[in-house]
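The values are calculated or read from the model by the stated rules, or taken from the named source; none is laboratory data. All values reported here derive from a predicted model rather than from experimental measurement. Here the Cβ positions follow ideal geometry from the backbone for every residue, glycine too, while neighbour counts run over all protein chains shown.
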Amino acid sequence: MLVLLQLFALFLLVLLGFYVFVANPRSRAHQTFAAFIAFLALWTIKDIILWSFHGSSDAANWWAASSFIVSLLLQFALVIFAWVFPENARTPRRKAAVLFAPSLVLIPAAIFGLLWSEVGFTNNKFVIKLAPLAYVFVIYVYGVFAYGAVILYQKYLKYRGTQKGQQIGAILWAVIITGVLKTLANIVLPYFDHYELLPLSAIFVLPGVLIYAYAISNFKLFSLQTALDQFRLFPIAYKIALSIASVAIVSFVAFQIPIVYWAFQDGMTFEAWRKYLVFSVITALVPNLLLVLLIARTLSRPLKSITLAAVQVTKGGYGTEVDLRKSNDEIGVLAASFNEMSRKMATDIEQLRQLNEQLVRTEKLAAMGTLSAGVAHEVNNPLASISSLIQMMQAKPDLDESTKEKLVLISTQIHRITQVTKDMMDFARVRPAAKSLVGINEIVETALRLASFDKSFQKLQLEKDLAENLPETLADADQLQQVFLNLFLNARDAMPDGGKLQIASKQFADEIEIEIADTGNGINKTDLKKIFDPFFTTKTAGKGTGLGLAVCYGIITAHGGRIEASSNESNGTSFKIFLPTSKNK
């Protein structure tokens, strides 16, 4: 019965320490708690060996030495915890060196048996006779214990009234409970030659340890939500530990027990030991290979996939994603985060590319505007003189018909040049926008009415899908009307024999989207990148100056919006205009 209780205590200690440590392995408090649990586990193991497997006259020098040393290490862990909790502070090295210095003498004294004159079993009765140095050791242990308790109490006073204060208060209760029970079982009763509770000292520690763990885990150790969170985020350390424990238990039941039974069924002879050792080594390969397979499947393969994807990203494959089975451990979180990062990177780079194109186009517009103004000014002056001379020549009464026709032709070409220079001046002229709150649908309808006076435009099949209750935008209605009218007339020119013109408006997040799509000849991908450049046109010679879309681009960007062109499904062209709502300006 005793060994079962001790094994239960050992199992609970290891499970609790592992659980708390993995919950936050970077926390110094959790690290110190794990060290504390490790020392308690050593204490329990030595008690199991001594109290469950001793002979009637066995010496117990090793047990006494380990008891003194482990008890001192437990107090060291308590003091370090008091230093670092709850601030996650660093251990003060100088204080630690001064406080722990006596252990350099006392620990070797315990190892060499200078703390007792006799320890062990006599006629199956436990006997221990301590030397005077042992009392010095015990006083030092309790001094370190008291020092750690005082630090915790001072921090309790500092944080009283807060959650940290509640945590420290609970830990103080755990320290007091553990100290009282351990003192009773290990010091007081043995002093009066009563050793009945000495084998149970490891079990007496459990209540304090549970309170200790409960406190440093923010009082969530036993909550259902914490258990669900741990199940949802199942760390790799848990998986590996579970795999190792499962393989160890299965291999012990499946291999070790049958091998022991088969090897020693005829007694513990040399041949029996030879069989046991040989077949134990052989069967040990199976669980080890299984462990390698599980660890490789858990760690190596997914990490290799993430590494290859990262290499692809470094080579310019932005947007590359890791194709892994979804898991709830660190690698699963890493893979999901990597995929999100790669997608975000691809999106950001595409946005940077678009912004760069917009900046280059804006610079082109500014440069071409300056050039256009200069060219138009220089051309208009001599052109006006030529036009005046032509008019004077046409006023002469004695001109023949051939000369009159030539003068009319010259006048027509002069008018054409004048129109081009006028377009250039309009392109170059920066007119401040008279912005006010306007409705997009009303501006679209006005532009459509103006375009409908054109006979060619009347041949088009018009489809409208204008969303109701669109928010207003702060804009210059005349300039936006110019943009829409230009796009409508461009669609007319793209469908000389008739076609379908679709106009739609809708709200998308904090923007208003207007789409104008035609079923004309469309624009190839190469030209789509240049259609907003000044003087670029896809129309035949003499039917366009290439400034209309450049002007539209300038107006829309000046309103804080953007305009995009693409080929639609019917091989025509689709223009999308995005304008911010009045709330977003």
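Structural remarks
- Residues located in the stretch 449-469, provided they are in contact with a helix residue (DSSP H, G or I) (Cβ under 7 Å, 6 or more places away or on another chain) and either among the aromatic types (Phe, Trp, Tyr) or assigned to a helix (DSSP H, G or I) (or both): LEU450, ALA451, SER456, PHE457
- Residue satisfying condition, being modelled with pLDDT of 65 or more, in contact with a Leu (Cβ under 8 Å, 6 or more places away or on another chain) and among the polar types (S, T, N, Q), within set GLN394, GLN354, GLN413: GLN394
- Any hit, the stretch 94-116, residues being among the basic types (Lys, Arg) and under 48 Å from the mean Cα position of the chain (by Cα): yes
- Hits in the stretch 182-207 (condition: among the hydroxyl-bearing types (Ser, Thr, Tyr) and buried (at least 17 other Cβ atoms within 10 Å of the Cβ)): SER201
- Breaking point among (1) in the same structural domain as SER243 (by TED's automatic domain parsing); (2) surrounded by 14 or more Cβ atoms within 10 Å (Cβ to Cβ); (3) under 35 Å from the mean Cα position of the chain (by Cα), for PHE255: (3)
- When the stretch 26-85 is filtered for residues that are more than 22 Å from LEU197 (Cα to Cα), touching a residue at least 12 places away in the same chain (Cβ under 8 Å) and either touching a strand residue (DSSP E or B) at 6+ places or on another chain (Cβ under 9 Å) or not in a helix (DSSP H, G or I) (or both), the ones remaining, listed by number, are SER27, PHE85.
- Number of the condition not met by ILE151 [criteria: (1) over 17 Å from ALA77 (Cβ atoms); (2) β-branched (Val, Ile, Thr); (3) modelled with pLDDT of 90 or more; (4) within 40 Å of the chain's Cα centre (by Cα)]: (1)
- In summary, ARG28 fulfils each of the numbered conditions (1) out of contact with any helix residue (DSSP H, G or I) (no Cβ under 9 Å at 6 or more places or on another chain); (2) closer than 23 Å to LYS158 by Cβ; (3) among the basic types (Lys, Arg) with the single exception of condition (1).
Yes/no per residue for (1) at pLDDT below 90; (2) touching a Lys or Arg at 6+ places or on another chain (Cβ under 8 Å); (3) of a type in the set (Ser, Thr, Tyr); (4) closer than 23 Å to VAL175 by Cβ:
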position: PRO25; (1), (2), (3), (4): yes, no, no, no
position: ASP58; (1), (2), (3), (4): yes, no, no, no
position: VAL70; (1), (2), (3), (4): no, yes, no, yes
position: ALA96; (1), (2), (3), (4): no, no, no, yes
position: VAL105; (1), (2), (3), (4): no, no, no, no
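- All of PHE145, PHE126, PHE121 fail the test of being among the aromatic types (Phe, Trp, Tyr), touching a residue at least 60 places away in the same chain (Cβ under 8 Å) and touching a His at 6+ places or on another chain (Cβ under 6 Å), apart from PHE121.
- Filtered residues of the stretch 16-37 (kept if crowded, with 18+ Cβ neighbours inside 10 Å and of a type in the set (Val, Ile, Thr)): VAL20, THR32, ILE37
- Restricting the stretch 9-25 to residues that are under 25 Å from the mean Cα position of the chain (by Cα) and part of a helix (DSSP H, G or I), the residue that is nearest to GLY208 (Cα to Cα) is VAL20.
- Within the stretch 107-141, being among the aromatic types (Phe, Trp, Tyr), surrounded by 16 or more Cβ atoms within 10 Å (Cβ to Cβ) and either assigned to a helix (DSSP H, G or I) or out of contact with any helix residue (DSSP H, G or I) (no Cβ under 7 Å at 6 or more places or on another chain) (or both) holds for PHE121, PHE126, PHE137, TYR140.
- Within the stretch 294-341, being surrounded by 15 or more Cβ atoms within 10 Å (Cβ to Cβ), at pLDDT 75 or above and of a type in the set (Val, Ile, Thr) holds for ILE306, VAL313, THR320, VAL322, ILE331.
- Looking across the stretch 86-112, the residues that are free of Cβ contacts under 8 Å to residues at least 60 places away in the same chain and small (Gly, Ala, Ser) come down to ALA96, ALA97, ALA101, SER103, ALA109, ALA110.
- For the stretch 86-104, a residue qualifies if it is part of a helix (DSSP H, G or I), of a type outside the set (Gly, Ala, Ser) and surrounded by 14 or more Cβ atoms within 10 Å (Cβ to Cβ), and the qualifying residues are LEU99, PHE100.
- Condition met for ALA309 (in the same structural domain as GLN351 (by TED's automatic domain parsing) and not aromatic (Phe, Trp, Tyr)): no
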